[in-house]
Amino acid sequence: MSVPRLDNRAARALFLDRHALAEAPSGPGKGDDLQALIERLGFVQLDSVNTVARAHDLILFARRPAYRPENLTKHYAKGQLFEHWTHDASVIPRAFYPHWQVRFARNEATLKERWKNWQGEAFHDHFDPVLTHIRDNGPVSAAEVGGDEKKGGGGWWDWHPSKAALEYLWHTGALTVVGRDAFRKRYDLTERVIEEGLRGRYPDPAETIDWCCNAALERLGFATSGEIAAFWATVTPQEAKDWCAAECAAGRLETIRVECAGGADRAVFARPGTADCDVPSVTNRLRVLSPFDPALRDRNRAEKLFGFHYRIEIFVPEAKRRYGYYVFPILEGDRLVGRIDMKAQRDEDVLRVTALWPERGVAWGSGRQARLEAELVRLCRLAGVSRVEFAGGWLRAAL
């Protein structure tokens, strides 16, 4: 019996469709439309770097050009989302909250000892004082607790014991993030934030494993068990492997082959009939993606599907960077066609393009340049500047 197969073009189309990148970007990007988009994606990763726009804003803007950052702030305040970890800090539909109870319990079992080796034991003694302070005074940021513990600049690396306590209590579910001021988290008691119907529901771990794996596969279209486990980063690789085996035995999952960009096939799991479904059509729209876009967060998967090798170079010394500090991938249709180094110089009211590298085999002609410039004009509105400027020598050869 032959194994069903998706060729590379069909696999890319299916993957982009599941990530809301196949259709032309449109919609109000607020209210119910914004909620539906985040539910479709599963979560939106948060990041503070703001060279053009913050990652979460660019992720949403790439799919909803009418979106503006205040739309997410207002929506968050209405209680439709909560903030916690998937593979990184993210905003997540609040309806998913019960399935984080397993994560809270697992964190409680492991973090106290692990953080003791990192932070020492002092933060353990700050749990009750921190909770009492919040109960009596309302939501706080790390800057508002700790007193004489705080030294130096108080950056993300400078975790005084009360900040460590705040983070531990958040990671284990006692506290909930209720918003951010200048990207600093504000914490409140979970009992005051999350409604009892969600807060008081404790799914069995097997139910959460099943939910996580189903929800991951729905958003990936096809995946290895490792990719399924990595999507929410709650299920262990072994739990995902066991789930896939059980689903295959029950006929709810099958192994298919997917053609990679280089021509080789890889074995993945998919719902029966996935390889025979109609291939979604993909818009030819050119758009700039965040380095943390859901379609790119699994760098290895993106490289296999699109032949696009991407690594962020923020922490690479400048002299050793191949491209730049914070370089944005460019998606056109179903291809990643290049990457662009640019920054919103808000004091000069300009989005300045420093460099653009087309991918090998991509001709950067006048038509593609016009589509790029149209996208950059749209990005100006998100970035809060009014014009685009290309620096001398901006068009580079493929590396």
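The values are calculated or read from the model by the stated rules, or taken from the named source; none is laboratory data. Being a predicted model, the structure only gives us computed values, none of them experimental. Cβ coordinates were reconstructed from backbone atoms using ideal geometry, including for glycine residues, and neighbour counts include every protein chain displayed. Areas reflect the complete protein model, heavy atoms only, side chains present, ligands, DNA and RNA absent. Shrake-Rupley method; radii C 1.70, N 1.55, O 1.52, S 1.80 Å.
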Query raised in the report: Can you pick out the pairs among LYS185/LYS304; LYS30/LYS185; LYS163/LYS320 whose Cα atoms lie more than 26 Å from each other?
Result: LYS185/LYS304; LYS163/LYS320
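Provide the FRET efficiency to the nearest 0.05 for the GLU113-THR236 pair, computing r from the beta carbons and using R0 = 22 Å.
Details: r = 18 Å, r/R0 = 0.83.
Efficiency, from the Cβ-Cβ distance: 0.75.
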Query raised in the report: What is the distance, in nm, between label points placed 7 Å from the Cα along the Cα-to-Cβ direction at GLU373 and at LYS320?
Result: 3.9
Report summary line: Taking a crude spin-label model, label points 7 Å out from Cα along the C-beta direction, the THR283 to ALA206 distance in nm is 4.4
Report task. Using a 1.4 angstrom probe, figure out how much accessible area the stretch 1-107 has per residue, in square angstrom, rounded to the nearest whole. Result -> 35
**Report entry** Solvent exposure of the stretch 172-325 as accessible area per residue, Å², 1.4 Å probe
**Finding:** 47
Report summary line: If one builds a Gaussian network model of the chain from Cα atoms under 10 Å apart, the most fluctuating residue listed among GLU375, GLU70, GLU167 is GLU70
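For the pair HIS133 and ASP7, what calculated FRET efficiency results from E = 1/(1 + (r/R0)^6), where r is the Cβ-Cβ distance and R0 = 35 Å, to the nearest 0.05?
Numbers: r = 59 Å, r/R0 = 1.68.
For ASP7 and HIS133, the calculated efficiency is 0.05.
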Report summary line: For the stretch 204-323, the percent of accessible surface on carbon and sulfur atoms (probe 1.4 angstrom, ligands and nucleic acids excluded) is 52
Query raised in the report: For the chain, what is the relative contact order in percent, using Cα pairs closer than 8 Å and at least 6 residues apart in sequence?
Result: 18
